[in-house]
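Here the structure is laid out as structure tokens; the discussion comes afterwards.
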Amino acid sequence: MKRQSLRLLPLCVGLLLAAAIHAQVPVPDGSVRFLAFGDWGRDGKAFQLSVAEQMGKAAAADHSQFVISLGDNFYNDGVPSVEARQWTTSFEEVYTAPSLQVPWYVALGNHDYHVNPQAEVEYTLFSPRWKMPARYYTVTRRIDAANTVEFFIIDSSPYVGSYRNEKKADYRPVLDQDPAVQTAWLEAELKKSTAQWKIVCAHHPVYSCSGRHGDTAELVEHVEPLLERYGVQVFLNGHEHDLQHLRVGKINYFCSGAGSQTRATKKDERTLFSLGDTGGFLAVKITSDTFNGRFIDYTGKEVYAVTIPRMASSHP
């Protein structure tokens, strides 16, 4: 770890300076602004470089305060350690725009579980922007003097039953995680939250119109009831390599999984928007009363925009 600290010192200093410069840009009062995307780490291949470039432009224009990474951060097998080359080739040398030198709140994806998911937690100690203090955690941001938004970033892979088959060596690290413990934690955190906006972030979708994976039955059973019970307004996920907006009940589900390699998608009766085979990301602005989401593609074109009013039932 000492060698790694010395090797990363110049990089960390540079990133800290860039973050400090960005922090001096006035952020409009009364809003929280961020980008969200997943399924990206491919050494710059597929759409990754183009998406990164447009993320930098959008973050600068919107004065984005942070990025939410929705998992599958490193293909195909995650990272073996904090010294892995992918930290440089898929992250540090790709998302270089000054506007992206802000906190990155990160979720784990299923590919991140193949080798050493804990390395992504540990990298928090070496990067001024990579923020993953645990496998699941919360982040609260103030909108204005009276309103906050709380993000509940969960670790969805341990829920998926097929990954827990001990014969599937690719996912053996999930066996160290107890989804029941995580569910109890999530309920406790949602129950005590006083935030006016509650947003749950994960890699796997609860609901999806894509033909590749579709709904995640385990999240429908264990997580979706908590979203309904505690007034969660928005669920963000990746996993499907496309862009989606679905509404089921009172909850809006956004898939932003087009960070690099993409796939075709479909639509069903729950679908408000779906776009496949196109790299892109989600740009969000939250005020005390509205969630404003925009999908932006790899060319910088806004391909979808929606404004969601805060539900009256969301008051704590």
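Counting only residues that are touching a residue at least 60 places away in the same chain (Cβ under 8 Å) and out of contact with any strand residue (DSSP E or B) (no Cβ under 9 Å at 6 or more places or on another chain), which one in the range 128-156 is surrounded by the fewest Cβ atoms within 10 Å (Cβ to Cβ)?
This residue is Ala146.
Within the range 96-117, can you find the residues that are of a type in the set (Ser, Thr, Tyr) and either touching a strand residue (DSSP E or B) at 6+ places or on another chain (Cβ under 7 Å) or without any contact (Cβ under 8 Å) to a residue 60 or more places away in the chain (or both)? Can you show your working first?
First pass over the range 96-117, keeping only residues of a type in the set (Ser, Thr, Tyr): 96, 99, 105, 113.
Listed by number, the residues that qualify are Thr96, Tyr105.
Which of (1) surrounded by fewer than 18 Cβ atoms within 10 Å (Cβ to Cβ); (2) within 27 Å of Ala258 (Cα to Cα); (3) in contact with a helix residue (DSSP H, G or I) (Cβ under 6 Å, 6 or more places away or on another chain) does Ser162 not meet, given it meets every other one?
For Ser162, the exception is condition (3).
Restrict the check to the range 305-316 and report whether at least one residue is in contact (Cβ under 8 Å) with a residue 24 or more places away in the chain, part of a helix (DSSP H, G or I) and over 24 Å from Gly41 (Cα atoms).
yes
Of the residues that make up the range 44-62, is at least one more than 19 Å from Val106 (Cα to Cα), in contact with a strand residue (DSSP E or B) (Cβ under 6 Å, 6 or more places away or on another chain), among the hydrophobic types (A, V, I, L, M, F, W, C) and not in a loop (DSSP other than H, G, I, E, B)?
Yes, the range 44-62 has at least one match.
Quick one: how many residues across the range 223-244 are surrounded by fewer than 24 Cβ atoms within 10 Å (Cβ to Cβ) and either of a type in the set (Lys, Arg) or within 30 Å of Val94 (Cα to Cα) (or both)?
Count: 2.
If a residue must be within 20 Å of the chain's Cα centre (by Cα) and farther than 17 Å from Gly231 by Cβ, how many such residues does the range 178-191 contain?
4
Any residue in the range 244-268 that is under 16 Å from Tyr298 (Cβ atoms) sitting within a Cβ distance under 8 Å of a residue that is β-branched (Val, Ile, Thr) and in a loop (DSSP other than H, G, I, E, B)? List the pairs, counting only those 6 or more apart or interchain.
These pairs meet every condition: Ala258/Thr278; Thr262/Thr278.
Let me confirm something: among Arg247, Arg294, which residue is at pLDDT 95 or above, more than 22 Å from Ala61 (Cβ to Cβ) and assigned to a strand (DSSP E or B)?
Result of the check over Arg247, Arg294: Arg247.
The values are calculated or read from the model by the stated rules, or taken from the named source; none is laboratory data. Note that this is a predicted model, so its numbers are computed, not measured. Using ideal geometry, Cβ is built from the backbone for each residue, glycine included, and neighbour counts are taken over all protein chains shown.
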